[in-house]
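Below is one structure; the comments refer to it alone.
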Amino acid sequence: MALLVQKYGGTSVADPDRIQNVARLVKRAVDEGHQVAVVVSAMAGTTNQLVNWVDEIDAGHFDPAEYDTVVAAGEQVTSGLLAIALNKQGVRARSFQGWQIPLLTEGGHAKARIGSIPADNLKRALDEGQVAVISGFQGISEAGRIATLGRGGSDTSAVAIAAVLGAERCDIYTDVDGVYTTDPRIHEKAQKIDRITYEEMLELASLGAKVLQTRSVAVAMQHRVRVQVLSSFEDKPGTLVVGEDEIMESNIVTGIAHSRDEAKITLAGVNDKPGVAAGIFGPLAEANINVDMIVQSVSSDGATTSMTFTVGKADLIRAKALLDSLKSSVGIERVDADGNVVKISVVGVGMRSHAGVAHTMFRTLSERGINIQAISTSEIKVSVLIASDYMELAIRSLHAAYGLDAS
Ligand code: ADP
Ligand code: ASP
Ligand code: MG
């Protein structure tokens, strides 16, 4: 008998029929003799609807604690419905909201972090032979308010709960049957990956592969939780996320991710003297605007230079306004903002020992006439910023160039 955590995403619980299908999958594990804790998302589309209602009333000004109160509601509905479906199928089950566990959060609202999860209440229910059906995405703050973990946060709830329960595995059921070499909805030649390292999955997720929330992978890596990504619609094994020691041979490039969440800012005629970068990036950091890729060009006249960097698309308007206000004090001639960019990244632990990955990327894009606007690299990834119109072409060409195409 093992203790398993299963998580079902929005599409898997999109309507009462699918919830009953999920109940059958849970029942199968229970019938095999396992203890099961199930983490559920809101029914597909529900969280977006709740966010829209908040925005309709007071976009940009609302109290984040009340935002969390509203958006956490979707998961409450699913956990109750799944508990009802399980009991109807003869499986004893009860729902748990974040505050009932309690899943204690830190760091404010809307993107709260998990502080700790006392496991007693969940363990008691499991030991009494019940399935614990847990609302993902939500917890309770230090101030006793409902708090949520950021979009896609049910993945993180599930992995963290698997960690504190010492579960044998955390199965993330979703609408694809595993992690692919690139988003299978963008490229039909994407291939399913049987095993992927925590590190690669962490990079892919943070670079835009939303199949797992980035923080869920970080928690899994830290606590060595075995995670499997698999389909709730098809009965076949998925992708295992594991330590590097469990993978015999790795490809140089494991996957390609894209992110449409970044925007580009170009500063022209910037004073070329010490302290200017601090004068620009200091105020951005103070305004809580994250900067990702940065390129500074060599000064041609010895007096001024230009600078390109990316910020989150959601912060673009704020960043532009802030930089415009710094023009005269810092010495910037022009601030241009461009939201029509996409970041494409190639990821693989094999890059550590193989040269030439970046070169293949640059050559492939140039052969297609795709201009690179910014570059950033780390030990196991290379990212480029390109015009968003070329996104699909870039992904397809790179996928072929690194030998990832399914035959
Ligand atoms: P859920 O609602 O179950 O949490 P998500 O929509 O959050 O599901 O995540 C699943 C989606 O992730 C897939 O439908 C797929 O389009 C997308 N995705 C992006 N990159 C990848 C990838 N490399 N492999 C698999 N799926 C990916
Ligand atoms: N329902 C939340 C969202 O849509 C959390 C999740 O699905 O993981 O972001
Ligand atoms: Mg998700």
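The values are calculated or read from the model by the stated rules, or taken from the named source; none is laboratory data. What you see is a predicted model, and the numbers here were worked out from it, not measured in a lab. FYI the Cβ positions are ideal-geometry reconstructions off the backbone, even for glycines, and counts take in every protein chain you see.
Looking across segment 19-32, the residues that are free of Cβ contacts under 8 Å to residues at least 24 places away in the same chain and part of a helix (DSSP H, G or I) come down to 28, 31.
Take the residues of segment 164-205 that are part of a loop (DSSP other than H, G, I, E, B) and of a type in the set (A, V, I, L, M): which is farthest from ligand 3 (Cβ to nearest atom)? For segment 164-205, the residue satisfying everything is 167.
Of all the listed residues (236, 210), the sole one being within 16 Å of ligand 2 (Cβ to nearest atom) and surrounded by fewer than 22 Cβ atoms within 10 Å (Cβ to Cβ) is 210. Taking the conditions exactly as written (within 16 Å of ligand 2 (Cβ to nearest atom), under 22 Å from residue 225 (Cα atoms), under 18 Å from the mean Cα position of the chain (by Cα) and aromatic (Phe, Trp, Tyr)), does residue 180 satisfy them or not? So residue 180 does not fit the description; no. Residue 321 meets the conditions (1) of a type in the set (A, V, I, L, M); (2) under 24 Å from residue 252 (Cα atoms); (3) surrounded by fewer than 16 Cβ atoms within 10 Å (Cβ to Cβ) in every case but one. The failed one is (2).
Here is a yes/no grid of residues against (1) touching an Asp or Glu at 6+ places or on another chain (Cβ under 9 Å); (2) at pLDDT below 95:
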site	(1), (2)
325	no, no
336	no, no
349	yes, yes
364	no, no
373	yes, no
389	no, no
395	yes, no
402	no, no
407	no, yes
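Test residue 172 against the stated conditions and say whether it is near ligand 1 (Cβ under 8 Å from one of its atoms), crowded, with 23+ Cβ neighbours inside 10 Å and within 27 Å of residue 1 (Cα to Cα). Judged against the criteria, residue 172 is a match. Within segment 32-48, if we keep just the residues that are away from ligand 3 (no atom under 15 Å from the Cβ) and closer than 18 Å to residue 85 by Cα, the residue that is surrounded by the fewest Cβ atoms within 10 Å (Cβ to Cβ) turns out to be 35.
Can you say whether residue 355 is assigned to a helix (DSSP H, G or I), among the aliphatic types (A, V, I, L, M) and surrounded by fewer than 16 Cβ atoms within 10 Å (Cβ to Cβ), as far as the supplied structure shows? For residue 355, the condition - assigned to a helix (DSSP H, G or I), among the aliphatic types (A, V, I, L, M) and surrounded by fewer than 16 Cβ atoms within 10 Å (Cβ to Cβ) - is not met.
I'd like the full set of residues that are touching a helix residue (DSSP H, G or I) at 6+ places or on another chain (Cβ under 8 Å) and part of a helix (DSSP H, G or I), limited to segment 243-261. Please lay out each step first, then the result.
Applying the first criterion (touching a helix residue (DSSP H, G or I) at 6+ places or on another chain (Cβ under 8 Å)) to segment 243-261 yields 243-244, 250-258, 260-261.
Passing the criteria: only 244.
Residues in segment 369-399 that are of a type in the set (Gly, Ala, Ser) and part of a loop (DSSP other than H, G, I, E, B): 369 alone. On inspection, residue 365 does not qualify as buried (at least 19 other Cβ atoms within 10 Å of the Cβ), touching a residue at least 24 places away in the same chain (Cβ under 8 Å) and closer than 15 Å to residue 291 by Cβ. Among all residues of segment 10-26, there is at least one that is within 16 Å of ligand 3 (Cβ to nearest atom) and farther than 16 Å from residue 80 by Cα. With respect to (1) part of a loop (DSSP other than H, G, I, E, B); (2) surrounded by fewer than 22 Cβ atoms within 10 Å (Cβ to Cβ), the lone exception for residue 294 is condition (1).
Do you know which of the residues in segment 183-206 that are more than 10 Å from ligand 1 (Cβ to nearest atom) and either buried (at least 22 other Cβ atoms within 10 Å of the Cβ) or within 17 Å of the chain's Cα centre (by Cα) (or both) is nearest to residue 246 (Cα to Cα)? Restricting to residues being more than 10 Å from ligand 1 (Cβ to nearest atom) and either buried (at least 22 other Cβ atoms within 10 Å of the Cβ) or within 17 Å of the chain's Cα centre (by Cα) (or both), the top hit is 197. Just one of (1) of a type outside the set (Phe, Trp, Tyr); (2) modelled with pLDDT of 95 or more; (3) within 28 Å of the chain's Cα centre (by Cα) fails for residue 353. It is (2).
Residue 240 fulfils the conditions (1) hydrophobic (A, V, I, L, M, F, W, C); (2) more than 14 Å from ligand 3 (Cβ to nearest atom); (3) not in a strand (DSSP E or B) except for a single criterion, (3). Based on what the data block shows, is residue 138 crowded, with 23+ Cβ neighbours inside 10 Å and within 24 Å of residue 212 (Cβ to Cβ)? Yes. Exactly one residue out of 244, 249 is of a type outside the set (S, T, N, Q), more than 18 Å from the chain's Cα centre (by Cα), under 22 Å from residue 398 (Cβ atoms) and modelled with pLDDT under 95, and it is 249. Of all residues in segment 154-169 being surrounded by 24 or more Cβ atoms within 10 Å (Cβ to Cβ) and not hydroxyl-bearing (Ser, Thr, Tyr), which is nearest to ligand 2 (Cβ to nearest atom)? Checked segment 154-169; the qualifying residue nearest to ligand 2 (Cβ to nearest atom) is 155.
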